1. Determine the shape class of the range A:68-128: with a ≥ b ≥ c the square roots of the Cα gyration tensor eigenvalues, call it rounded for a/c under 1.5, and otherwise prolate if a/b is greater than b/c, oblate otherwise.
2. Give me the three principal axis extents of the range E:32-187 from the C-alpha atoms, as integers in angstrom, largest value leading.
3. Let me know the shape class of the range D:95-224, please: from the alpha-carbon gyration tensor, a ≥ b ≥ c as square roots of the eigenvalues, rounded when a/c is under 1.5, otherwise prolate if a/b is greater than b/c, or oblate.
4. Quick one: compute the contact order of chain C, relative version, from alpha carbon pairs under 8 angstrom and 6+ residues apart, as a percent.
5. Taking a cut-off of 16 Å between Cα atoms, list the lysines near B:K196, but don't count ones fewer than 8 places away on the same chain.
6. Along the charge dipole of chain C, Cβ charges K/R +1 and D/E -1, which of C:A191, C:V152, C:I51 sits furthest on the positive end?
7. Mind checking the dipole of the range B:157-208: about its Cα centre, +1 per Lys or Arg Cβ, -1 per Asp or Glu Cβ, Debye to the nearest 20?
8. Ordered by residue, what ³J(HN,Hα) values in Hz, to whole numbers, does the range D:58-74 give under the Karplus form 6.51 cos²θ - 1.76 cosθ + 1.60, where θ = phi - 60° and Gly and Pro are x?
6 protein chains.
Amino acid sequence: MGGIVVQNIDRASAEVIDGLARCGVATVHEAQGRTGLLASYLRPIYPGARIAGSAVTISAPPGDNWMVHVAIEQLRPGDILLLAPTSPCEDGYFGDLLATSAQARGCRGLVIDAGVRDVRDLAEMQFPVWSKAIFAQGTVKNTLGSVNVPVVCAGAAVQPGDVIVADDDGVCVVPRGAAEAVLAAALAREANEGAKRATLASGVLGLDMYKMRERLEQEGLKYV
Amino acid sequence: MGGIVVQNIDRASAEVIDGLARCGVATVHEAQGRTGLLASYLRPIYPGARIAGSAVTISAPPGDNWMVHVAIEQLRPGDILLLAPTSPCEDGYFGDLLATSAQARGCRGLVIDAGVRDVRDLAEMQFPVWSKAIFAQGTVKNTLGSVNVPVVCAGAAVQPGDVIVADDDGVCVVPRGAAEAVLAAALAREANEGAKRATLASGVLGLDMYKMRERLEQEGLKYV
Amino acid sequence: MGGIVVQNIDRASAEVIDGLARCGVATVHEAQGRTGLLASYLRPIYPGARIAGSAVTISAPPGDNWMVHVAIEQLRPGDILLLAPTSPCEDGYFGDLLATSAQARGCRGLVIDAGVRDVRDLAEMQFPVWSKAIFAQGTVKNTLGSVNVPVVCAGAAVQPGDVIVADDDGVCVVPRGAAEAVLAAALAREANEGAKRATLASGVLGLDMYKMRERLEQEGLKYV
Amino acid sequence: MGGIVVQNIDRASAEVIDGLARCGVATVHEAQGRTGLLASYLRPIYPGARIAGSAVTISAPPGDNWMVHVAIEQLRPGDILLLAPTSPCEDGYFGDLLATSAQARGCRGLVIDAGVRDVRDLAEMQFPVWSKAIFAQGTVKNTLGSVNVPVVCAGAAVQPGDVIVADDDGVCVVPRGAAEAVLAAALAREANEGAKRATLASGVLGLDMYKMRERLEQEGLKYV
Amino acid sequence: MGGIVVQNIDRASAEVIDGLARCGVATVHEAQGRTGLLASYLRPIYPGARIAGSAVTISAPPGDNWMVHVAIEQLRPGDILLLAPTSPCEDGYFGDLLATSAQARGCRGLVIDAGVRDVRDLAEMQFPVWSKAIFAQGTVKNTLGSVNVPVVCAGAAVQPGDVIVADDDGVCVVPRGAAEAVLAAALAREANEGAKRATLASGVLGLDMYKMRERLEQEGLKYV
Amino acid sequence: MGGIVVQNIDRASAEVIDGLARCGVATVHEAQGRTGLLASYLRPIYPGARIAGSAVTISAPPGDNWMVHVAIEQLRPGDILLLAPTSPCEDGYFGDLLATSAQARGCRGLVIDAGVRDVRDLAEMQFPVWSKAIFAQGTVKNTLGSVNVPVVCAGAAVQPGDVIVADDDGVCVVPRGAAEAVLAAALAREANEGAKRATLASGVLGLDMYKMRERLEQEGLKYV
C-alpha cells in the first residue's frame, strides 16, 4: 500500500523533450501510432501553455497530499509532476505554495487526475496545470503513497521518466525509450503537414489530395 | 448504415441567416417558442464567436472521420458543418487541416457532438467550434457514413439546410422553413428588450414591470 | 412546497464580508476547518472575479424562475443571489435582463446550481456568475418557490444571510455568525503564507520547512 | 411552447408490432441498418420485460406531469407512452396511480427520458418502464406541453405512432412506415442467427464461419 | 476539521418511525411538501428492502472509515447509519464485517454517499444499503471525522436523529420534530390513494377524476 | 495502431486461479495491498456470478469488434476476455453469438470497458459480463486492433495472462507473477475474517477488537 520513493530515474534527453513540446499533443499522439493520450477530462487551468518534461510520478491516497512534498524533492529542472490518486478523487491536492516550491526546483507543470486550487495565483505564476477539477477542498498529510512508481493516470499507463507532453489539446505520454523515435516521426509529420495545409488552403479538396474518391466509390458511397 | 451524400440542399437566405446570428442563441431560442437548443455540454473552444449558417450535416461512425472530407466538398460559403456520431464518441474528428480546407470553402464553423483537436490553431485561425470534448484522439477512414441526411445532434433534430446559430450560450437550430418568421420574432423581442433593460436599470422591479404582484398573491405567496 | 418570502434577514458586517472576499475561497475554506465548499461543478462564467456578499437564497422549482423576480426585491447592496432548484435542473434561469435589475440594486453576483444564459452580456456587464451550466433554455413563471429560506446548494447547506465567497477556485459559504472569526483565522493564515512562500521560493523544501522527515520515516517510507 | 394534442395518429398493425417485440431490440436495431436506438442510460426498472407498441408521445416541461394525464386519454390498447422533457430533468413524472390508469386503457409500458417512482408497485403490477432515473421527486401540473407531436427522446427522433421496442438491452424506435419491412429483415436475421449459433456452439470459429482470415491478413494483422 | 462524537441524540418514537417505513419514500416525500429527498444516484444494493430508522450520522474524510467504527458504538436498535464524506468519494467504506457489527447492535441499514463492498454477503445477511457506488476500494483509519453532527448527504441536509426512510424509490429524510405530523399526512394520503387507484383502474380518466379539463382549456390546450 | 496478435501467453495455475475466485474481489484486492481494482462503473449484467480466469486482452478501435473474433481463437478453457477500446466507447461489441463461440472454447466471461447486448440471452446462458454499458449499438469489422497486448482497462493496467477476478463487487486484476502470493495472503485474510466476524456478531465493538480507543484519544476525538 505505498511507501516507496524511487530516487534515481532515467530521463530522455532535454533536446528530445523540448522537441516534443514544440510538436504538441496532437502531432505526438499521431506520431506514436495514436497511443498515449490521457483522458479528455484533464483540462488546462489556463489556455496557451505547451510543455513537455520527464514525469515524476506520485501515487497518492484520496484526499492526502503528503507525497507531493516528498515528490518535490525528487524534481530536477525540466520535470513535470504527475499525480494519480489510488481511487477517484477531486480534492485540491496542490496550490500556490506547492507550485512555488516546485517551480523553485525547475518543475515545468503538473498533471493531476484530481483537483487543484489557487488557480488565479497559478496562472499569474505561469505554472501550468492539467487537472480533473478545480476544487479548493483541502487535503491531509496522514497516509503514505509512493513516488516514481508506475501509475495509471486518467486512463494511461505512465512510468517514471516517461515524457509528458501537454497543451490546450490535453496530455500525452511518450515512453522514455521511444521518445527519440517519436520525435523523429512527429517532425516528419509536421513537415508533411505544412505542405498539406497549403494545398488545402488553396482550395484543393482532401478527397483529391488524399485520392479518396475511388475507394469511396468501391465502398458504395452514393451521391444523390 | 449510411453511404448517402445529398448534394443539393435548400438553404435560407443570407440576410435571414445573418440576422439570426446578430440576435444570438438565447433570443432566437425564445423567439421560436423555446425549442431547438442543443445540449449544454456543447461548448465553444474559445469565447466570443457568434455565428449562424446553413447546416451541412454529417452522420459518422464512432472514431471515423472519412465523411468529413466528403462533407467539405458539399460546403458553400456561409455554411456550418454539423457532425453527429452514430453512437456516443469523443474522438477528435477535426483539427487544423480540416479547418483550413473548410475555411477555404467559406465554412463559418463546426458543431460536433464529439471531440476536436488542434484547438490553439483553430483559435488562431478564428475557426469557431462547439464540441462535446477537446481530445486529440485520432480517427480512421474506413467506414461510410452519410452527408446531408437528417440527424439528431446533442439531443436536437437537425435537417440539412436548417439554420444553426451558435455563440457563448451554446447552439440552437432553426428549421429552414421557419427561419424568416423566427428572425422577425427575434427582432421584435430584441426591440422590446431594450426598453425593458432601461426600465430595470433605472431600478424598477420586474415584479412591477411585469405586473406580477397580484398573481403571486393569488397563488398564495406569503411575505414574513 | 414553497411560497414563503422572508423579508428581514441578518447580514454580516460589510468590513468582514469585504475582508473575506480579499482572502479568497481556498484560504477561507481552510480557515474555517475545511468546511463550506460548494461542489466543484459550479464554475465561473468568466475568469478573474473574486467577490463576497450576503446570501439572498432562492428555492425554485425546476424550469421556473418566477422567484428570481421576487428575490431581487429583497436584495440590498452587497448581496449575492444564490439559487438552488428543488430538483436537478440546468435550465437558464437568469440572463442579462435579470442581471441588469439585480445590479441596479447593488447585487454583486449570482451563484446558481442550475444554468445561466446571455453570458457574453453578463461578462461585459461584469456581473459574475458561478453556475452548473451555461444553457439558453428558457423558464416559465407558474409555480411558487421560496426566498430567504435555508437551502442546500451544490452540496452545501446555506442559510439566508450567510456569507458567500466566490472566485476562480469556486464557491464557499461562511455561516453568518462565524464570519468574523473566520476572517481573523484567514488573515492569520495569509500572513503565515507569505513567509512560507518566500521560504519555499528560496529552495527550502516543504519536507524541511514542515519538519516532515521524521514522521515519514516512522510511517515506514522507504527511499530506494 | 406546447399546447397541442394530436388525437388521431396512425399506428402499425398489431401483427407487425407483436412480431417486432418477439425479435427484441438488438435484432430490430440491426435489421433497420443500426439506427433508432435510444441512449443507453435508459434502463428498465425490472429485468425480463420485452414489449413493443405504438408511441403516444409527450413533450413535457421539466417537473410538470400535467400532460401525462392528457396523454392517457389518447392511449389505445397496445400503445406505449413515451415522454421527453423539454430540458434535462430526472423528476418522478410517473408512479403507480398513473400506471393504473394507463394499464386500464391497455398501455403496455412507459419510456421516459426522466424519472419514475413507486417502482416496487410498478414491478408488482408488471407495468414495465424504461427510465433515466428512479426518483421520487414530485411534479406539478401548471404548464402545458404537447401530446402526439414529434420529439427527441434520449437522443432519438420519435414520431407519434412509431413502433417502440424495449427489452433488457434498451429501447429502439422503428418508423411506422418502415415497420413491416424491418420486421421482415429482423425475422430473416433471426433465422440466420439460429444456424450461426449452432455452428459456433460446435466450436467453429467466427474467423472461419465469416471467412475473415484472408481480409485480416490483407490488412496486415501479425501473429507473433 | 472533525473530531466530535455526540453521544446523546433525540429520536422519534418507534411507532412513528415504523409507520413511515410502511408508507414508503414516495408517499412520505409528498406528505412533507415534496422535500427531503436524497439524490437519485443513491441506489439500493438489492431490491425489495423498505426501512425507516433514526439517523446516526457520520462525517468522514475521503477514503477513511475510522469513524464508522466510532459510530457503531452510538447505534441503538432501529437506527440507520448515514455517512457523508467531506468531499466526493466512492471508496468502499463498509463491508460485511462492519455490517455484522452494526446488525449486532440492531442497525437497520446504511445510507452512504460513497461506496460499499461485499454486496453479495450483505444481501445474504439482509442488511440493506443505499449507496453511490459498489466499489471494493479499501479505506484507511488515519484521520478523524465526526459522529452525530449535521451533514449534507447526497444533496439533503440531515440532522442526527432525523428519520430516514428508504426503499426501491430511494431515500428521504424527515426532520425528527416533523415526523409525527408527516406520518399523519402520509397516512391520509395513502387512504386517499386507495380510492383513486380503484377509480382509475375502473377506467375513469385522471382528467375527469381531478377535474382538469376546464383549466386545460383555459390555459389554451388545443386538440387537433 | 494495432495489428498484433500474441499467441502464446503465460497463465497462472488453475488451482491458484480458482482459489482467487473463491476469495472474491474485495478480499483479493485487500490481499494485494489495495491495488488492482478496475473502475466502479464496470457492473455485472446479472447478480451472483463470481469468477476468475486468465486475461486474453483485446485492444479494439471504437465501434469495431473485429478483434473479438480474433481473440476467441486465442482462448483456452478458464480464460476471460478483457476488452479495452482505444478511446471511450459504449457500443455493444459483444452479444449472444460471440458468447456462444467463447463459451464453446471454455471462456468464463467477459470484462469490457464498453457496451454489451443480448443481455437476457447471456444471463440464460450463464455467461457473465462486467461492462460499462448495456447498449445494443452495433459495431463494424473494418479496423485492426491487437490481441494479448498490455492494455489499460477501466483505469487498471492489465497484462495478458494476468488473473482477473470478478464478482458483484466489481473486477480486480492480479499480476500473473504475484497470483500465488496474493492467494496465500487472501486465504490468510479469510481465515482471520471468520474469527473477527464471530466476535463482532457477539456484540464486541470494532473499537475494542481493533484496540482503537487509545489512538482515537491521542488524535483528539472528543465525546460530548
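1. Values: a/c = 1.99, a/b = 1.20, b/c = 1.66.
Oblate shape, in that a/c is at least 1.5 and b/c is the bigger or equal ratio.
2. Extents along the principal axes: 43, 31, 28 Å.
3. Working: a/c = 2.43, a/b = 2.32, b/c = 1.05.
Prolate, since a/c reaches 1.5 and a/b exceeds b/c.
4. Working: 493 pairs, mean separation 66.6, N = 224.
Relative contact order for chain C comes out at 30 percent.
5. Straight-distance partners of B:K196: B:K211.
6. Selected residue: C:A191.
7. On the way: 4 positive and 8 negative charges, 29 e Å.
Using Cβ point charges on Lys, Arg, Asp and Glu, the range B:157-208 gives about 140 debye.
8. 10, 9, 10, x, x, x, 9, 10, 3, 5, 5, 4, 5, 5, 4, 5, 7
The values are calculated or read from the model by the stated rules, or taken from the named source; none is laboratory data. All values reported here derive from a predicted model rather than from experimental measurement. Using ideal geometry, Cβ is built from the backbone for each residue, glycine included, and neighbour counts are taken over all protein chains shown. The protein model used for the area step is the full one, side chains on, heavy atoms only, and it has no ligands, DNA or RNA in it. Shrake-Rupley method; radii C 1.70, N 1.55, O 1.52, S 1.80 Å.
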